[in-house]
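Scroll down for the structure; my scribbles are underneath it.
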Amino acid sequence: MRRRRAFVARIEWNRAPIGASQHDERHDPVDIRIGMMNTGRELNFASDETAEAISAKVSDALSAGTTLTLTDAKGSTYLVPAASLAYIEIGSQDVRKVGFVA
């Protein structure tokens, strides 16, 4: 009696191992909220820069009295005069959780 050989197909996926990030060189975007004097609206966007880099840019612009230049995750550039800044809120880089909170 002849034995049949079992055909085994190997499928190799182009995925990162479990627990590894798909974007190793990039990090999660930071939410930024900028309030300006004499306006009722605020500027909200997400940036790919780290919170420390954004904080350094803000402090440099405030100390020099120049324009604060920030870029969002989509590539748009925001220019805000340092003299008109009322507040800046720099959010965390944590991944947002989806679902209901008990």
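Laboratory data are not the source of any read-out in this text; all were calculated from the coordinates shown. The structure displayed is predicted, hence computed values, not measured ones. Heads up, the Cβs are rebuilt from the backbone with ideal geometry, glycines too, and the neighbour counts pull from every protein chain shown.
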Amide H contacts under 5 Å for Gly91, restricted to residues at least 5 apart in sequence or on another chain and with H modeled in the peptide plane, are Asp31, Ile32, Arg33
Taking Cα atoms only, Rg over Rh for the stretch 30-90 with Rh from the Kirkwood formula is 0.93
Inter-label distance, nm, simple model (7 Å from Cα along the C-beta direction), Glu52/Arg33: 2.5
